[in-house]
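So the structure is just underneath, and the comments pick up after that.
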Amino acid sequence: MRFVGLDLHKRKLEVCILDATGKVLARHSVACERQALEAFARARLEPTDRLAVEAATSTWAAAAILHPSSRRSSWATPCGPGPSPRPR
């Protein structure tokens, strides 16, 4: 199992992939454009990955693209972590 941290910005998505021991396996910077996000998800995400992302205004658009590539995701807000919602 891998853990994938997503830091979503207006124009890019910063990604850090960790193994179960916390070792950094990869870092990526992806343009926040549908085609780039879809290509990243197909090429880099695995069904067993666990995604974590801070919930922000643009989170739901990215979640709709990335969520199908991973079975488990967590979304955090400034108020704390929450359950894994289905993207809108």
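We did not get these values from a lab; they are worked out from the coordinates using the rules stated. Predicted model only: the values in this text are computed from it and were never measured. Glycine gets a Cβ as well: all are built from the backbone with ideal geometry, and neighbour counts include every protein chain shown.
Odds and ends about this structure:
- Loop-located GluC sites (Glu not before Pro) across the range 1-45 with a Cβ neighbour count of 13 or fewer within 10 Å are Glu33, with loop assigned by DSSP.
- Projected label points at Gln35 and Ala61, each 7 Å from Cα along the beta carbon direction, are separated by 1.6 nanometres.
- Taking other Cβ atoms within 10 Å as a rough exposure proxy, Val30, Val4 sort from fewest to most as Val30, Val4.
- Under 5 Å from the amide H of Lys12 lie the amide H atoms of Cys32, each residue being 5 or more positions distant or on a separate chain, with H modelled from the backbone and absent for Pro and chain starts.
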